[in-house]
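See below for the structure under consideration.
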Amino acid sequence: MSFPRLQSIVLDTPDARRLAEFYRHLLGLEYRPGDEPPAPGEDDVKGRDWLVLVGAGGVRLAFQQEPGLKPTTWPDGTVPQQLHLDTVVGSIEELNRQHERALSLGATLRFDRSDDPEEPLRVYADPAGHTLCIFVGE
């Protein structure tokens, strides 16, 4: 039996380039060839539609322009999250370091459980309002 292979995780966003830049810096990913930002002053044709970042092990994170996207209001359920990304770090010290990085890149802290002895974590909204978790684990 054969199965479809998961190719990409795709995030809708009102600003594909901005969200791609956020995750490129946060996760250390690179643009798929041809999706890099244009030179200063040039039109960002790709950034108005669809961009792809790639990483080690074939990870692909794509961004699709969607002007009408409403950011999730999690943990308030008014606009529920339909998908969120879980990321992991090895220590509370690294969690704290990544917290500062995430905020400096434009994330908004939504929930802080960094003092939990079993699974310290923080939940953020990315610049488009998608939920993103950073937790200490393996």
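What follows draws every value from the coordinates through simple rules; no lab data is involved. Keep in mind it's a predicted model, so treat the numbers as computed, not measured. Note that each Cβ is placed from the backbone with ideal geometry, even for glycine, and that neighbours are counted across all protein chains shown.
The table below gives the values:
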| read-out | value |
| --- | --- |
| Bridge type composition, the chain - antiparallel percent by DSSP, nearest 5 | 60 percent |
| Degrees between helix 92-105 axis and first principal axis of the chain (Cα, 0 to 90, nearest 10) | 40 degrees |
| Restricting segment 7-111 to chymotrypsin sites (Phe, Trp or Tyr not before Pro) in coil, as DSSP defines it, with at most 13 other Cβ within 10 Å | none |
| For residue 87, distant residues with modelled amide H under 5 Å away | 133, 134, 135 |
| Pairwise centroid distance, computed over Cα atoms, of segment 31-81 with segment 121-135, Å | 15 Å |
| Sequence-separation-based contact order of the chain, relative, with Cα cut under 8 Å and 6+ spacing, percent | 24 percent |
| Distant-in-sequence amide H partners of residue 113 (H built 1.01 Å from N, under 5 Å) | 121, 122, 123 |
| Nearest 10 degrees, 0 to 90: helix 16-27 Cα axis against the chain principal axis | 50 degrees |
| Under Karplus coefficients 6.51, -1.76 and 1.60, residue-wise ³J(HN,Hα) of segment 35-48 in Hz, glycine/proline x | 9, 4, x, x, 5, x, x, 8, 5, 9, 4, 4, x, 8 |
| Segment 9-65 - convex hull of the alpha-carbon atoms, volume per residue in Å³ | 74 Å³ |
| Pairwise label distance in nanometres, residue 45 with residue 105, each label 7 Å out on the Cα-Cβ vector | 2.9 nm |
| Over the chain: helical MRE at 222 nm, DSSP H runs n ≥ 4 each giving -39500 (n - 2.57), nearest 500 | -6000 deg cm²/dmol |
| Share of Cα-Cα pairs in segment 61-138 lying beyond 14 Å, as whole percent | 61 percent |
